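See structure below.
The values are calculated or read from the model by the stated rules, or taken from the named source; none is laboratory data. These numbers were taken from a predicted model, which means no experiment stands behind them. For neighbour counting, all protein chains shown are included, and Cβ atoms are generated from backbone atoms with ideal geometry for every residue, glycine included. These area figures cover heavy atoms from the full protein model, side chains too; ligands, DNA and RNA do not enter into them. Shrake-Rupley method; radii C 1.70, N 1.55, O 1.52, S 1.80 Å.
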Amino acid sequence: MKTAFITGATSGIGKATAELFASHEMRLVLCGRRQAQLHALKEDLGAKTNVHTLNFDVRDKEAVQTAIESLPEDFADIEILVNNAGNAHGLEPIQKGDLTDWDAMIDINVKGLLYVSRAVLPGMIERKNGHIINIGSTAGKEVYPNGNVYCASKHAVDAINQGMRLDLNEYGIRVGAVNPGLVETEFSEVRFKGDLERAKKVYQGYQPLTPEDIADIIYFVVTRPYHVNIADLVVMPTAQASSTLVKKKP
Ligand code: NDP
Ligand code: 8X3
């Protein structure tokens, strides 16, 4: 039974991945800040597999380290790390950017991913066995108007993905990124600070990806034979050709 550690498992892509992994009886460590959602996940998925939940903010490096060090023996040998926690905060031209939003995106999407990886890696290196899946974005491949800092944070994930693969090569650890385009989750709700009407509009007039679509791909990535490493994968809805070109019904 493989142990998978998923950050940002309380909603969207992380939650769908946890559900799919549970249906394949993978042992799960599920992380997020919302305790009620973590509790519900443990109740629901606990019927299918062994689940351990960790409540921490990826921005807090001491909390990250303590949480990972506190893992019970059964869950401590992490084979798969899905670095998924992250969000966009705001969509403003650079000259109007909110500094708190900028801090959140850099601290969560970039530094949080680094803190979690740094805490998990020693075990993988010792066992010479591990697979890291970094959830990037099309925003890490191109920049769109008003996306400035979110795109920068995902370009950083792209660079970190490449850097990890180079540095971990000698230990036989697999590293790859899954970079989705538009996926309907709580993402836009967070970006627009709870403005549900505005969030809904992002996904209207075409068929966006679902979190389950991305979970399927992540499951495919982690179930390839060990000599196969999917290094970098971009996936968009068929209606999307780039960050700025989406064919919508009038
Ligand atoms: P959701 O908002 O649905 O999920 C985000 C998850 O990240 C939640 O589980 C949330 O948990 C967790 N999270 C956010 N901030 C923190 C934090 N400070 N500490 C710990 N956990 C945190 O969005 P998605 O599922 O869409 O996003 C998942 C990933 O996919 C992100 O990295 C996002 O950038 C990326 N992505 C999303 C796309 C989309 O169109 N939706 C497209 C491309 C990439 P909690 O609030 O409980 O802490
Ligand atoms: C999420 C996709 O296009 O909103 O990373 O940046 S997008």
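General remarks:
- Taking the accessible area of the chain, probe 1.4 Å, and keeping the other protein chains in place, the carbon and sulfur fraction comes to 52%.
- Which listed pairs, of Lys15/Lys42; Lys141/Lys193; Lys201/Lys249; Lys111/Lys154, have C-alpha distances above 20 Å, in listed order: Lys141/Lys193
- Under Karplus coefficients 6.51, -1.76 and 1.60, residue-wise ³J(HN,Hα) of segment 137-144 in Hz, glycine/proline x: 5, 4, 5, x, 10, 8, 10, 10
- Summing +1 for each Lys or Arg and -1 for each Asp or Glu among the other residues whose beta-carbon sits under 13 angstrom from that of Lys128 gives -2.
- Residue-wise HN-Hα couplings along segment 192-200, as the Karplus relation 6.51 cos²θ - 1.76 cosθ + 1.60 with θ = phi - 60° gives them from phi, are 9, 6, x, 7, 5, 4, 5, 5, 4 Hz; Gly and Pro carry x.
- Highest GNM mean-square fluctuation among Asn55, Asn83, Asn179, for the chain modelled with Cα contacts below 10 Å: Asn55.
- Choice from Gly205, Gly12, Gly112 with maximal GNM fluctuation in the chain (Cα, 10 Å cutoff): Gly205
- Helical contribution to [θ] at 222 nm, DSSP H n ≥ 4, -39,500 (n - 2.57), averaged over the chain, rounded to 500: -12000 deg cm²/dmol
- Candidates Glu69, Glu19, Glu212: whichever shows maximal mean-square fluctuation once the chain is modelled as a Gaussian network with Cα springs under 10 Å: Glu69
- Annotation: the antiparallel percentage among DSSP beta bridges lying fully within the chain is about 5.
- In the context of the full set of protein chains, the chain has a per residue accessible area of 48 Å² (1.4 Å probe).
- Annotation: amide H-H contacts under 5 Å for Val29 (H modelled 1.01 Å from N, sequence separation of 5 or more, or interchain): Ala4, Phe5, Ile6, His52.
- Karplus-derived 3J(HN,Hα), 6.51/-1.76/1.60, for each residue of segment 58-72, Hz, glycine and proline x: 4, 6, 9, 5, 5, 4, 4, 4, 4, 4, 6, 5, 7, 4, x
- Taking the square roots of five times each eigenvalue of the Cα gyration tensor of segment 3-235, the equivalent ellipsoid has semi-axes of 27, 20, 18 Å, listed largest first.
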